[in-house]
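Working notes, beginning with the structure itself.
The values are calculated or read from the model by the stated rules, or taken from the named source; none is laboratory data. Given the structure is predicted, the values throughout are model-derived calculations rather than measurements. Every residue, glycine among them, receives a Cβ derived from its backbone with ideal geometry; neighbour counts consider all protein chains shown.
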Amino acid sequence: MSTATVSDLVSQPYKHGFVTDIETEKIAKGLSEDVVRLISSKKDEPEFLLRFRLRAYRQWLQMAEPDWAALGHPRIDYQNIIYYAAPKQQEKKASLDEVDPKLLETFEKLGIPLSEQKRLSNVAVDAVFDSVSIATTYREKLAEHGVIFCSISEAVKDHPELVEKYLGSVVPGNDNYFAALNSAVFSDGSFVFIPKGVECPMELSTYFRINSADTGQFERTLIVAEEGASVSYLEGCTAPMFDTNQLHAAVVELVVLDDASIKYSTVQNWYAGDENGVGGIYNFVTKRGQCRGDRSRISWTQVETGSAITWKYPSCVLQGADSVGEFYSVALTNNYQQADTGTKMIHVGARTRSTIVSKGISAGHSSNSYRGLVQMGAKAIGAKNYSQCDSMLIGDQAAANTYPYIRSQQPDAVVEHEASTCRISADQLFYLQSRGIGFEEAVSMMVSGFCRDVFNQLPMEFAAEADKLLALKLEGSVG
Amino acid sequence: MPALALPKTAAWLAELAGEPLPGRRQEDWRFTDLAPLQAVAAELWSGPDPFSQCSLPGGISRIAPAQAQLLLDQGLQATGSSAAWPVRLNRGASPHFLALRVSGSVEPLQLTFDAAAGQGLLALQLLLVLEPGASLELLLHHGSRAANATSLVTVAQLGSGAKLNLGVLAPGDARASLLSHLAISQAPASELQLTTAVGGWALSRFEPRICQSEGAALSRLRALQLVAGQELADTHSQVQFNGPDGQLDQLHKVVADGAGRSVFNGAVRVPRSAQRTNAAQLSRSLLLSDRARVDTKPELEIVADDVKCAHGATVSRLQQNELFYLQSRGIAADQASRLLLRGYCDEVLRELPAAAASAHPLQLLLRERP
Amino acid sequence: MIRPDAPLLLEIRDLHARVEDQPILKGVNLSVRAGEIHAVMGRNGSGKSTLSKLLAGHPAYSVTGGSVLFRGQDLLELQPEQRARIGVFLGFQYPVEIPGVSNLEFLRVATNARRVERGDEELDTFAFEDLVRERLKLVQMDPAFLERSVNEGFSGGEKKRNEILQMALLEPLVAILDETDSGLDIDALRIVAGGVCQLAGPDNATLLITHYQRLLDLITPDYVHVMAAGRILRTGGKELAVELERSGYDWVDQEVA
């Protein structure tokens, strides 16, 4: 491309990179059984939860960090992380007026106004600041429908029997290294419970904001939809720019019973590190949904654009007959980012169906890998899977890798997988420009066209956001 | 390491290779159980040198041992094969050796390796150097009728404009094992047709590794795996483009019946220098019983951006509507199945070198099916 | 139509350019006034395609000397999209395919960009669709083309007609058509030529880059320029084109040598 075009593009700084100056309570760095007990006592947790944490911690000590993903990162020093940091405003306030205004301002700056006048009218938001939930909007309205939407810490106090029943039932404490760590030290996250037959009247959203530099972030989210219930949930997250790496190891568990459905969307815009790969979040997430009921459905939709290293495989275990799992993903890597992400669809029940649409965009010197597993168990009679993994390469220094694992034991199950690659060529860009379409808009058009199938799955409000986010992240990468 | 005494054969194999048998923790061996190898008698094959009997047509000459060794090592290095376990095993087992140089167009050649003529581990090394413009059609015919193991390492170098049509027909025995590693380097403008048809072995592992040293070549791979009983067939292929304008057309087909297990891992690597690569890979698996297992993983690693790379994988059973169509024309169900199966397998078998036809490959491979 | 006092739309003076390290244009001089139709003819390698791409701002070509003024404004310092918006249109010889981007959306965004530049209001989706269906008639294209991705799976003739459709929507002041006739059968050629003639008017100008005379049977040029070795060797009227057709380009080579 002409040098005039590229150098004229101002590399826009990550606009969420600010830090909120607020008093935060932290405990000393390092992890030990005492730290786990301390976290549990600070949160005033019941016995069952302390046992859950300790069991997971002891299992974590026996495990080794996985190294099979195509990632290269310097060893994480687990003793050099703070495992608990909370804004001093500890107790969740009864009304938003009592919340520290600096916190409210933070979220407003991020485009998530929480105050009554300004909040989005059709989305209930649980705002989590440094892993502590500080406010949840529309709780009363939701309670009228029997919907419980609150932080996990509150759920543990107000609905301990529900938490005890479902926590760890989808992702057990010993499932993998990062899930074990999370199970031991998780601080907070969202809890959603939709009772029988209820279609949640609003979209629910949790917005995570990391503020402290050297804390690890260990959110835990649990969403349960009883028979015939349904909910659409959106997870958003941002963090300031620091020049050391931060660890984010979250666990999300979804449970759907007969005829229930959960749609879980993520638009992730962590700080990815600067152009030279310094700083940025290490994002290791275990997300799994269990379609326990017949005809139940779980849909994962994600737009990943940030994080220095991403390791996440939202999965569905399709147990119920005729249950459906879906995975729609756009993963963009630029500069020196690395992503190893994909999904696992485990077909257990009969006539289960899964659809995977994965779009990877690799720019700069980044490495973007899709790693998926489709497994047809012996009882998955009449099951069907369709997967499509497409990669868009921008420039010739980024890598796009595809590793789809297919395992089948059931002759009456059908698996179909396709993958292809494409790129943004200088000729195509020039063609659009010669028709009056600006460089950035042209790139954006082509990238959006590529991602169309996935963006169509996002809740409406966020599809436009996703378009803009991608355009922003790709600045300076073409040419 | 636990202090148990390893089975005699496993220890012996480990000594030959200089390394213990690969285990499940290694990604490349995750689904491949090497137990059948250990059922082999811990001795080198006692039969006659399979290479001594072959007569070479005009245009093919033998390469002197010293030079052959050099070329062999070079060939293995070009595809990153030197440290692969089956290659190490092969080297340690003092293999019978044949090194051939081909100039111009020559008559088709066939080599037969029937492990049934002896017992133990039959180790073979085959080096083929095709001069620029040369062309060779070669059929390798493996066989066995007892708990033998065959270890073959084939290294081929195709000069500019050379053409190699290499077919492997390997009907095995439910007690026998076959390890075959192919390291093939292609110069620009060369053409490779590699067709492998495997069936009936307790354990078979094919590792075709192709390197287009400067791109601009054509690699066409066709493979058929038939597994039934308790058999395990494994293909781990790798195609690397080290220059621009290369082409790959790969088709891997599987029929899995009984409690058979099929493993396929097809890696395609397109680094930055390999612009305008056109690579297509298709993996198709038919599951005929509910105890059979298929594990397939196509793999694409791409950095160059001006490329066309696609892969597809399907796993299913024989199509209901196709079966029904044949039945509605008066053909009984099981015969209809056989007809469809034959058509499915034929897509690969008909690409074997002409010499294979007289051996009736499909019948051969389907021998002793339950 | 030649009118000596018509506004000067394009003024190319002593233009030198290269692609990579190869000098291609070695001093091109050309003036185009409103209402005129110019034809630039020459062998492959004469520089005529380079000239057209350079005027549109293709990044692969760099100017090493001379100037280009568009309505008195320095054209060379503008980005390609800016040139398009102020009214410079390049009809490509090989229009590229852009999978995933819908033709309709692409046309709408481009049209609106031009409208905004001219001070007109943007058209919303419905108004635009009405406009485009109207313009489709000019090139006899099926509305179904609008749903497809830009040029994807289009035949040669369809791609060229898509270029003319864009011309009809963008209403450029200077349209440079680079070998628009190449690869077309007689029917497609008639449609394309018909479109060009209908769009040509007293306030705009057309520059036809062509190898063959036959397009000029359908579109009568006011000036014919012969290019060779990166320069315009001779300028004449349409008789010059006829002469070239009859005697070929050999005399041109002799002049250059």
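Residues checked against (1) crowded, with 16+ Cβ neighbours inside 10 Å; (2) among the basic types (Lys, Arg); (3) in contact with a Leu (Cβ under 6 Å, 6 or more places away or on another chain):
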| site | (1), (2), (3) |
| --- | --- |
| C:Glu158 | yes, no, no |
| C:Asn162 | yes, no, no |
| C:Asp178 | yes, no, no |
| C:Ala188 | yes, no, no |
| C:Tyr223 | yes, no, no |
| C:Thr235 | no, no, no |
| C:Arg246 | no, yes, no |
| C:Asp250 | no, no, no |
What's the number of the only condition in (1) closer than 17 Å to C:Asp181 by Cα; (2) out of contact with any Lys or Arg (no Cβ under 6 Å at 6 or more places or on another chain); (3) surrounded by 14 or more Cβ atoms within 10 Å (Cβ to Cβ); (4) touching a residue at least 60 places away in the same chain (Cβ under 8 Å) that C:Gln198 fails to meet? (3)
Would you mention how many residues in region C:16-48 are within 14 Å of chain A (Cβ to nearest Cβ) and small (Gly, Ala, Ser)? 1
Which residues, counting only those in region A:379-418, are more than 7 Å from chain B (Cβ to nearest Cβ) and under 14 Å from A:Met345 (Cα atoms)? A:Ala380, A:Ala383, A:Lys384, A:Asn385, A:Tyr386, A:Ser387, A:Gln388, A:Ala413
Single condition C:Leu90 does not satisfy, out of (1) more than 9 Å from chain A (Cβ to nearest Cβ); (2) modelled with pLDDT of 90 or more: (1)
For region B:137-172, which residues satisfy the criterion of being touching a Phe, Trp or Tyr at 6+ places or on another chain (Cβ under 9 Å) and over 20 Å from B:His96 (Cβ atoms)? B:Pro171
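Looking only at residues that are surrounded by fewer than 24 Cβ atoms within 10 Å (Cβ to Cβ) and more than 12 Å from A:Tyr405 (Cβ to Cβ) in region B:290-303, which one is farthest from the other protein chains (Cβ to nearest Cβ)?
B:Arg291
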Would you mind stating whether B:Gly312 is within 21 Å of the chain's Cα centre (by Cα) and at pLDDT 75 or above? yes
On the basis of being more than 9 Å from chain A (Cβ to nearest Cβ), assigned to a loop (DSSP other than H, G, I, E, B), in contact with a strand residue (DSSP E or B) (Cβ under 8 Å, 6 or more places away or on another chain) and at pLDDT below 95, does B:Glu351 make the cut? yes
Report yes if some residue within region B:315-329 is within 7 Å of chain A (Cβ to nearest Cβ) and either over 28 Å from the mean Cα position of the chain (by Cα) or outside any loop (DSSP other than H, G, I, E, B) (or both); otherwise report no. yes
Is it fair to say B:Ala183 is surrounded by fewer than 24 Cβ atoms within 10 Å (Cβ to Cβ) and touching a residue at least 60 places away in the same chain (Cβ under 8 Å)? no
Within region C:59-77, work out how many residues are farther than 21 Å from A:Ser425 by Cα and either assigned to a loop (DSSP other than H, G, I, E, B) or within 10 Å of another protein chain (Cβ to nearest Cβ) (or both). 5
In region C:25-57, what count of residues is obtained for those that are crowded, with 23+ Cβ neighbours inside 10 Å and farther than 17 Å from C:Val174 by Cα? 6
I'd like to check something: does region C:106-129 contain any residue that is facing chain A (nearest Cβ under 9 Å) and either closer than 30 Å to C:Gly230 by Cβ or in contact (Cβ under 8 Å) with a residue 60 or more places away in the chain (or both)? yes
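Could you tell me which of the residues B:Leu128, B:Leu71, B:Leu139 is outside any loop (DSSP other than H, G, I, E, B), touching a Pro at 6+ places or on another chain (Cβ under 7 Å), at pLDDT 90 or above and over 25 Å from B:Gln26 (Cβ atoms)?
B:Leu139
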For region A:108-206, please list each of the helices (runs of 4 or more DSSP H) lying entirely inside it that holds at least 1 residues being at pLDDT 70 or above and closer than 30 Å to A:Lys468 by Cβ. A:139-144
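Matching residues to (1) at the interface with chain C (Cβ under 7 Å from one of its Cβ atoms); (2) part of a helix (DSSP H, G or I); (3) among the hydrophobic types (A, V, I, L, M, F, W, C); (4) over 20 Å from the mean Cα position of the chain (by Cα):
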position	(1), (2), (3), (4)
A:Leu429	no, yes, yes, yes
A:Glu440	no, yes, no, yes
A:Ser444	no, yes, no, yes
A:Cys451	no, yes, yes, no
A:Glu465	no, yes, no, no
What strands (runs of 3 or more DSSP E) lie completely within region A:303-354 and have 1 or more residues being within 14 Å of the chain's Cα centre (by Cα)? A:309-312, A:315-318, A:324-333, A:338-341
Exactly one of (1) more than 11 Å from chain A (Cβ to nearest Cβ); (2) surrounded by fewer than 19 Cβ atoms within 10 Å (Cβ to Cβ); (3) within 19 Å of B:Glu214 (Cα to Cα) is unmet by B:Gln240. Its number? (2)
